[in-house]
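The values are calculated or read from the model by the stated rules, or taken from the named source; none is laboratory data. Because the structure is a prediction, the values reported are computed rather than measured. Don't worry about glycine lacking a Cβ; one is built from the backbone with ideal geometry, like all the others, and counts go over all protein chains shown. The area values use the complete protein model at the heavy-atom level, side chains included, leaving out ligands, DNA and RNA. Shrake-Rupley method; radii C 1.70, N 1.55, O 1.52, S 1.80 Å.
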Amino acid sequence: MISQTVIKEFESILGKDGVFLDETDRHTYSYDAAVLEPVLPSVVLRPERSEQLGKLVRLCNENAIPLTVRGAGTNLSGGTIPTKGGAVILTNALKKILEINSEDLYAVVQPGVVTAKFAAAVEAKGLFYPPDPGSQAVSTLGGNVAENAGGLRGLKYGVTRDYVMGLEFFDVNGEIVKTGARTVKCVTGYNLAALMVGSEGTLGVFDKIILKLIPMPAGRKAMMAIFNDMARASETVAAIIANRIVPATLEFMDNFTIRAVEDYSHVGLPVDAAALLLIEVDGHPAQVEEDAAKVESLCKEMGAENIRVARNAEERDKVWEARRTALSALAKLKPTVVLEDATVPRSKIPEMIQALEEISCRFDLTIGTFGHAGDGNLHPTILTDKRNKEEWHRVEAAIDAIFDKALSMGGTLSGEHGIGMAKSRFLEKETSRGTILFSRRIKAALDPKGILNPGKIIGE
Amino acid sequence: MQDMKKLAQLLKQIEDQLVVCMRCGMCQSVCPVFAETGRESDVARGKLALLDGLLQEMFNDSDGVQERLLRCLLCGSCAANCPSGVKVLDIFIKARAIITSYKGLSPVKKIIFRKMLARPELFDRLMEWGSKLQGIFIKPVDELLGTSCARFTSPLGDRHFSSLAPKSFHRMVPYLNTPAVDSGMKVGFFVGCVIDKVFPKIAQAVLHAMKHHDVGVFIPKDAGCCGIPALSSGDTNTFNNLVRYNLKVFSAEKFDVLVTACATCTSTIKKLWPTLAEELSPQELDRVKDLAGKTMDISQFLVEKLGVREAAAAETGEKTLVTYHDPCHLKKSLGIAAQPRTVLQTNPAYQLREMTEADQCCGCGGSFNLQHYDLSSAIGKHKRDNIVESGCSVVATSCPACMLQISDMLSRAGDRVKVKHAIEVYAESLDKK
Ligand SMILES: Cc1cc2nc3c(=O)[nH]c(=O)nc-3n(C[C@H](O)[C@H](O)[C@H](O)COP(=O)(O)OP(=O)(O)OC[C@H]3O[C@@H](n4cnc5c(N)ncnc54)[C@H](O)[C@@H]3O)c2cc1C
Ligand code: SF4
Ligand code: SF4
């Protein structure tokens, strides 16, 4: 419980409107997009200015109140569930784009700016911010940085980490820490930004983010390659990369997903196909033509049944609409959707896809697989109903099996969805006891009272 | 303390729909209320989680949840965008009814819904009385909550009301039954409360257009309210009675299509009558389904049944710029967006120019406007800004409730933009022919 005195102090910083105490309101900050049990915070705080944010962090620390920062609450790993109660701090009122600099190609934002709004503002200036998580219409940039979010363009353009030039964040004492700069090169001090990206709110609270921008590619071309054989499709992925072509996007969809998408959105997908690859190349128009032709002939060589190249923007949109609706289409089939993101080195994609089929048979579960084949980040999506206890046990066992398989191939537990609560118990499997202890020592040094998002990533 | 176990039992009937929400949070991108407040309890995900909380008996009373459930425009933006296909509006409306039946309807609402709305002649007389006494309205009518067709009755605050028409439409045309002529087509015309009492000119425009196309029209005497005010306040009893009543008065004649010029009535009849009306006999249910199946928005009727098309472009001369606002109940719940635009472009005196975010909710939402006027205005302000920015001198739409809200927003800002129904623009072009 938080004392009345502290509540009064919160109110004096934020005004009564920024402090939610009512049980009903608190209830709505007890969950996120992960399939986990909700936990109620004691208070929810909504700062509108950055100095308020710093004061709140200090006050929480002084009073040893656990503190969980929340952006849009769309993470899939329980990162914003306040497992120890305490305070939830909302960043969605800190939503200013402070600067977009077209000469030096960077932008400065507050943490609560919505990803898609930012991408649109940048595009309006003829520039490009590539990280595009599926949740971008609502996710916040702070949440993206704290989760090191990826997206469809990871293969060529990298992930959020690759765009963070600098950060200003509050340490647990409410002291501002600056790292990185507005310059391409910067060696001033430790590279703290690298530590903070993906830290899921466990080491500090972001106040400002400096993001790298790049010029908008002048041309792009999309196509869909249809395969009657799953193995051929996945081998094609490997072949494209081996031939030194780096598409902006290289997405995979299995037959189950194809049928679900077609049933749902009638975009004209071949429902008999074993697998689809959705490919887009971009860059200088001449280069685009050349790459597209190469990819097309490679797909043919590898045994693609048919290749549909988008001839105009409309056809291109169709290709991507098919991909974008994949999750929705699957989600509509069953009440509970478990979206996994175990990731393997891309040469292992064929093997992983095969393993997923086996796992789906072994545990008698419906699994639709789609995802970012180009970077080895597949999304096996388990469809279930969590009210069915017996089936839910099988789901948990299947998740374990997926993790084991990915790790045995030299892969990782999570390509982009983070560790949070959902995967922290697996962390040691992938790393080592030493890694966890080392991380805990860093955490203990930076957050001696353990108030910053306790229990996340490295457990306790 | 309330018996939360009993409430949880009652809520079981929506459990299967509730579990469909995967808490992805994507509804945050479209909810007009959330866009203003940033509060999770204002967005569908939060409200669904609260209902789930009631179901799990996590609360000591239902007041907090009920209050938040009512902070909602029932605009359906969330449902139209939900990747998981959660039937958000169905859930919200059912939940309102369940909580209300469990807690009981407030005495004022009871009087209004049970005694007035459910008895159309009485309601009509009261409204007429009201129109003569504008500004000194009686208290119970002020509190006529829960409705897009009721908010005009409240003379509170500094809002700029579209006042009640001096003579409501049913006074001008109490009953109509004209045969199908050359077109071979006959329509039933569901006027709806707001058009009847505030915008009779819209109903006149409908009749004008029907006459022009030689379409027969049937308007029953004392047609009732579509029932949405009662339903959204959780009074299923009155809703059921109104559905049954309308069914009766409209079965007196045969017609091919039931037309309305009110987006809210259209979507209520089409989507809510067949699914939410209870205690109907199987025969009655069949008839409700039949009626709902043949209900059409007036623009949709003009385009799809009468083949109305845009005027040829070549016309020269001064044109009036018109922009179009998509009512949520038309676009998001029924997918009707192209037809009204076609209708606007039949009139060569106008030129259509889109505003940004034409399908953003205007913020009216019936009772929402009454109970949360500031929030409703804040949402409406964005609409107003987009309209003004379009540079048009007329804004057209297809729902009289949206017209009330938009008129209020524009006139409070002192803008000189006229608000019209698409059918009015259409009827003007007929005048000239
Ligand atoms: C439908 C759907 C599709 C998705 N697609 C993708 C995808 O393609 N790629 C991908 O990578 N992810 C995806 N995600 C996961 C999720 O959207 C991302 O992890 C996103 O970055 C989370 O952003 P958020 O604003 O919702 O953060 P939240 O969920 O609110 O928070 C995430 C973490 O960040 C921390 N945090 C937030 N703000 C701050 C701050 N200011 N300072 C310090 N810590 C902070 C929180 O404490 C928490 O640990 C998807 C999720 C959904 C529901
Ligand atoms: S209502 Fe739909 S969009 Fe909103 S959280 Fe639930 S599943 Fe997602
Ligand atoms: S119906 Fe409209 S106001 Fe209500 S939750 Fe959905 S989007 Fe928000």
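Descriptive notes on the structure:
- Going by accessible surface with a 1.4 Å probe and the largest first, A:Tyr157, A:Tyr264, A:Tyr190 read A:Tyr190, A:Tyr264, A:Tyr157.
- Structural descriptor for the stretch A:219-408: relative contact order 27 percent, calculated from alpha carbon pairs under 8 angstrom and at least 6 residues apart.
- FRET E, pair A:Lys300, A:Glu351, Förster distance 22 Å, beta-carbon r, rounded to 0.05: 0.40
- Once the Cα atoms are used to define both axes, helix A:313-324 deviates from the longest principal axis of chain A by about 60 degrees.
- Taking the chain by itself as reference, the stretch A:348-392 contains these residues with an accessible-area loss of 50 Å² or more in the full protein complex (1.4 Å probe, heavy atoms): A:Arg387.
- Solvent exposure of A:Glu358, expressed as accessible area, is near 110 Å², computed with a probe of 1.4 Å over the protein chains only.
- Counting Cβ atoms of other protein chains within 10 Å of each Cβ in A:325-334 and taking the mean gives 4.
- A:Asp272 versus B:Leu306: modelled label distance in nm, points set 7 Å from Cα along the beta carbon direction: 4.8
- A:Arg49 versus B:Lys221: modelled label distance in nm, points set 7 Å from Cα along the beta carbon direction: 6.8
- Using a Förster distance of 45 Å, the FRET efficiency for B:Lys294-A:Lys386 (Cβ separation, nearest 0.05): 0.60
- Chains B and A together bury roughly 2400 Å² of accessible area, counting both sides, with a 1.4 Å probe on protein heavy atoms only.
- Heavy-atom accessible area per residue - the stretch B:287-433, 1.4 Å, Å²: 39
- Close amide H contacts of B:Thr346 (hydrogens built in the peptide plane, cut-off under 5 Å, sequence separation of 5 or more or a different chain): B:Ala311.
- DSSP assigns beta bridges within the protein assembly as shown; of those with both partners inside it, close to 70 percent run antiparallel.
- Averaged over A:26-36, number of beta-carbon atoms from partner chains that fall within 10 Å: 5
- Loop GluC sites (Glu not before Pro), the stretch A:159-254, which have at most 14 other Cβ atoms in a 10 Å radius of their Cβ (DSSP): A:Glu175
- Ordering A:Val295, B:Val30 by accessible surface, largest first, gives B:Val30, A:Val295; the 1.4 Å probe counts only protein heavy atoms, with every chain in place.
- Of the solvent-accessible surface of the stretch A:4-90, computed with a 1.4 Å probe and all protein chains present, 46% belongs to carbon and sulfur.
- Axis angle, to the nearest 10 degrees, between helix A:285-301 and the longest C-alpha principal axis of chain A: 60 degrees.
- Taking amide H atoms as placed 1.01 Å from N in the peptide plane, the amide H of B:Val419 lies under 5 Å from those of B:Val395, each 5 or more residues away in sequence or on another chain.
- Interface residues in the stretch A:112-150 - accessible area drops by 50 Å² or more relative to the isolated chain, probe 1.4 Å: A:Val138
- Per-residue packing, averaged as other Cβ atoms within 10 Å, sorts the ranges A:223-230, A:274-281, A:66-73, B:407-414 into the order A:66-73, A:274-281, A:223-230, B:407-414, beginning with the highest.
- Debye, to nearest 20: dipole size of the stretch A:219-408, +1 on Lys, Arg Cβ, -1 on Asp, Glu Cβ: 240
- Restricting the stretch A:194-300 to trypsin sites (Lys or Arg not before Pro) that sit in a DSSP loop and have at most 15 other Cβ atoms within 10 Å of their own Cβ leaves A:Arg244.
- Overall form of chain A per C-alpha gyration tensor (a/c, 1.5; a/b vs b/c): prolate
- Note on the protein assembly as shown: dipole from Cβ charges, positive end direction compared against B:Ala165, B:Ser267, B:Ala49; the farthest Cα belongs to B:Ala165.
- Apportionment of accessible area to carbon and sulfur, the stretch B:351-394, percent (1.4 Å): 45
- Scalar couplings 3J(HN,Hα) for the stretch A:409-414, obtained by applying the Karplus form with A = 6.51, B = -1.76, C = 1.60 to θ = phi - 60°, are 8, x, x, 9, 4, 9 Hz; x denotes Gly and Pro.
- Shape category assigned to the protein assembly as shown from the gyration tensor of Cα positions, a/c cut at 1.5: prolate
- Simple spin-label estimate for A:Ala121 and A:Ala242 gives 4.6 nm between the two label positions (7 Å along the Cα-to-Cβ direction from each Cα).
- Under-5 Å amide H pairs with A:Val69, H placed in peptide plane, nonlocal only: A:Ile89, A:Asn453
- Prolate/oblate/rounded label for the stretch A:264-382 (Cα gyration tensor, a/c 1.5): prolate
- Rounded to the nearest 10 square angstrom, B:Thr356 shows an accessible area of 80 square angstrom against a 1.4 Å probe.
- The mean count of C-beta atoms from other chains within 10 Å of the C-beta of residues in B:14-27, rounded to a whole number, is 6.
- Per residue, the solvent-accessible area of chain A (1.4 Å probe, heavy atoms of protein chains only, all protein chains present) comes to 41 Å².
- The heavy atoms of A:Lys348 offer some 60 square angstrom of accessible surface to a 1.4 angstrom probe.
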